Amino acid sequence: MKTMFKDLWTDLEASASHRAGPGTARRLVGLNAICPMFIGVRAPAMLRTFILEVPRDSAPLPDIIPVSRGLHFTVQITRDEILPDHASLMLTSSAAAYNEIFASITEDLYNKLHSLTRKKEVIAGFITRVRLWQVFFEKQGDDGLSEEVQRGLYGELRFLKDHVFPSATSLEKAVRAWTGPRSRQHDFQFGSAAVEVKTSASKQHQKLQIASEQQLDETTVEKLYLYYLSVAVIEGGADTLQTLVDDIRAVLSLQLGALAEFDNLLIEAGYLDSHQGKYNSIGYSIREYAVFLVENDFPRIRESDIRLGVGDVKYSISVAQCRNYEVSCSQLSIKISEAC
């Protein structure tokens, strides 16, 4: 996301810092938007805020958006000569530490709302985007994704680009098959077939970490595949998470619906372009990839294997013990093409 409001934030923070008392320094953005939008900085805490002006009788109740980390939502009734009988939907950073992330949230809201032509669509879109960002805060650390999570996301996106896109006839369906960011049981779902992606950076005796007893339980689907990706981590390498994201966006550039869905999924995965400085410091080199079919005596734990009272199961499996279950990528490609 471009930092389109960077200079404006600087000006607003300067104005807010010179206020004699509490208040908000704000500016109108989106001059032609059907619902006026403002960005501002609230003094004295210096919290960034996004304000959407809507008709009072269309305003949602304040509790329609639950409290979450990072964001504070309020509804205020406006009574002035410029916007009579309006309500202000105010989304504010809950602490100054979140101001940088809030800049990305503001630009996302602006980009999604300013071209809409119906006020009800604007309000519904605003609520949808705020809830999406609340999901982001549930998954995201304050300073970006950890190296382990970055590596896992890289593996899922590499599978999407290298295997799903070439096999699919619809890029939008291909993107929607990526279900991992939405906390589904498996990372990808292709009709009755599912794929779990595991990425490893260890050199010898590679083990894959399994997060629950459900991840490799094939009894819930017709076919369950495990896509294994072995990578070398290279400081300053060219093939970074950011470059992979950019490559996928380029593939989707003419498919606006697919591109919008992909960007939504990135947010739900906890990924922000504003953290690209951190993500660009780590590159990857692919050592090997393989596809395993989870069946018969494949080394895994099923949910039915767990005794009553036992939960939150985490375990590891040896890649060497999976070799007897390796199948060709073309077998998986057929399943992808049938669904996408």
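Each value in this text was obtained by applying a stated rule to the coordinates, not by laboratory testing. Everything numeric here is computed off the predicted structure, so don't read it as measured data. As a convention, Cβ positions derive from the backbone with ideal geometry for all residues, glycine included, and neighbour counts pool all protein chains shown.
Rg and Dmax over the alpha-carbon atoms of the range 50-146 stand at 13.9, 50 Å. Partner lysines whose Cα lies under 21 Å from the Cα of LYS278, excluding those fewer than 8 positions away in the same chain, are identified as LYS2, LYS6, LYS139.
Stretching the chain fully between ALA211 and ARG131 yields a gain of 26.2 nm (0.36 nm per residue, less the alpha carbon separation). For the range 184-309, the Stokes-Einstein estimate of translational diffusion at 37 °C and a viscosity of 0.692 mPa s comes to 194 µm²/s, using the Kirkwood hydrodynamic radius over alpha-carbon pairs.
The HIS72 and ARG19 beta-carbon pair, evaluated with R₀ = 25 Å, returns a calculated FRET efficiency of approximately 0.80. The lysines within cross-link reach of LYS120, meaning a Cα-to-Cα straight distance under 21 Å and a gap of 8 or more places when in the same chain, are LYS112. Counting every other Cβ atom within 10 Å of each residue's Cβ, CYS340, CYS329 order from fewest to most as CYS329, CYS340. Database remark: amide H of ALA177 closer than 5 angstrom to no amide H (H placed geometrically; neighbours at sequence offset of 5 or more, or on other chains; Pro and chain starts carry no H). If you build a Gaussian network model of the chain, linking Cα atoms that sit under 10 Å apart, which residue out of GLY309, GLY144, GLY237 swings the most? Ranking GLY309, GLY144, GLY237 by mean-square fluctuation puts GLY309 first.
For the chain, what is the calculated [θ] at 222 nm in deg cm²/dmol (nearest 500), taking -39500 (n - 2.57) for each run of four or more DSSP H residues and dividing by its residue count? Walk me through the numbers on the way to the answer.
Details: 9 runs with 106 residues, N = 340.
My calculation for the chain gives -9500 deg cm²/dmol from helical runs alone.
Principal-axis analysis of the Cα atoms of the chain puts helix 241-251 at an angle of about 80° to the longest axis.
To test your reading of the geometry: what angle, between 0 and 90 degrees and rounded to tens, separates the Cα axis of helix 329-339 from the longest principal axis of the chain? For helix 329-339, the angle is close to 50 degrees. The label point for GLN185 and the one for GLU121, both projected 7 Å from the Cα toward the Cβ, are 3.8 nm apart. Beyond 28 Å, the tail of the calculated P(r) for the chain holds 50 percent of the Cα pairs. Across every pair of non-identical alpha carbons in the range 235-340, the mean reciprocal distance, once inverted, gives a Kirkwood radius of 17.8 Å. Could you check how many percent of all C-alpha pairs in the range 102-188 are farther apart than 17 Å? Roughly 63 percent, once rounded to a whole number.
Helix 147-159 axis versus longest C-alpha principal axis of the chain: approximately 70°, rounded to the nearest ten.
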